[in-house]
Amino acid sequence: MGLLPVSALKNWLYCPRSVYYQQVLGLKTPPTAKMREGKAAQEVLERLETRRTLARYGVADRERVFHARLSSERLGLSGCPDLLLVASGVVSVVEFKLTAAEPNESHWVQLAAYAVLVEDQRHDTVDQVVLYRVPDEAVFAKRFHDGWRSRLNQLLEEVRRCVESARIPESCSAPGRCVDCEYANFCADVW
């Protein structure tokens with residue numbers, strides 16, 4: 001099995017079947033309207049971000065690195081975080097989210113996965129993971145710690161087991177998510 005994208009871990013928590021359709025069946029769907037809107041908002045935000053101070057992140061004197069391509073054969077993961085705030089040997093990982101919702105486990109798992117990739121590839125220490133909620137410019141930061149690693153290992157094992165067995169997982173535990181799902185037409189047992 002090749003490298004899993006970090007997004008597979010986030011998607012697994014949202015709906016395991018989306019990971020099955022992408023990783024096992026190789027289905028690709030065009031970006032949804034929400035995805036296109038998020039990408040456009042992020043482009044605007046990145047232009048603004050370069051002129052702002054880092055005070056909102058609780059750090060100073062760090063270099064901004066947008067879209068760092070990260071991968072690790074050892075971890076079996078790859079991904080591209082929105083922003084790294086880099087100092088000498090220390091990094092903060094930042095993701096921009098175009099949502100009004102509170103951060104949830106899938107957001108924190110995505111950030112933690114980027115953090116372990118940073119530590120594995122760059123050999124830097126990640127001090128914090130940060131979610132920047134675009135609509136209201138709210139910043140949610142958490143200290144990165146070893147507890148994240150065990151949760152990531154558990155999720156990686158679940159996803160790999162699904163991919164290697166090529167067995168479709170149970171349907172999403174929150175059927176309301178199916179309304180906006182790009183794979184809804186494939187879940188005949190849900191509809």
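The values are calculated or read from the model by the stated rules, or taken from the named source; none is laboratory data. Just so you know, these numbers come straight off a predicted model, no measurement behind them. Backbone-built Cβ (ideal geometry, glycine too); neighbour counts: all protein chains shown. The protein model used for the area step is the full one, side chains on, heavy atoms only, and it has no ligands, DNA or RNA in it. Shrake-Rupley method; radii C 1.70, N 1.55, O 1.52, S 1.80 Å.
For the stretch 23-37, filtered to residues that are modelled with pLDDT of 90 or more and assigned to a helix (DSSP H, G or I), the residue that is least open to solvent (accessible area, probe 1.4 Å) is V24. Every residue in the stretch 113-131 that is farther than 13 Å from A87 by Cα, without any contact (Cβ under 8 Å) to a residue 40 or more places away in the chain and part of a strand (DSSP E or B), please. Result: V129, L131. Scanning the stretch 50-72 for residues that are more than 18 Å from the chain's Cα centre (by Cα) and within 21 Å of V6 (Cβ to Cβ), we see that the one that is surrounded by the most Cβ atoms within 10 Å (Cβ to Cβ) is Y57.
W148 meets all of the listed conditions (1) in contact with a Phe, Trp or Tyr (Cβ under 9 Å, 6 or more places away or on another chain); (2) open to solvent by less than 30 Å² (accessible area, probe 1.4 Å) but one, namely (2). Restricting the stretch 73-91 to residues that are over 15 Å from the mean Cα position of the chain (by Cα) and aliphatic (A, V, I, L, M) leaves a set whose member that is nearest to L4 (Cα to Cα) is L75. Here is the figure for the stretch 12-22: residues that are crowded, with 22+ Cβ neighbours inside 10 Å and either of a type in the set (A, V, I, L, M) or free of Cβ contacts under 8 Å to residues at least 60 places away in the same chain (or both) total 1.
Being assigned to a loop (DSSP other than H, G, I, E, B), over 20 Å from P5 (Cα atoms) and not β-branched (V, I, T) is the filter here, so list the residues in the stretch 173-190 that pass it. Explain how you work it out, then say what you get.
The initial filter retains those residues of the stretch 173-190 that are assigned to a loop (DSSP other than H, G, I, E, B), namely 173-174, 181-183, 187-190.
Applying the additional criterion that residues be over 20 Å from P5 (Cα atoms) yields 173-174, 187-190.
Scanning the stretch 173-190 gives S173, A174, C187, A188, D189.
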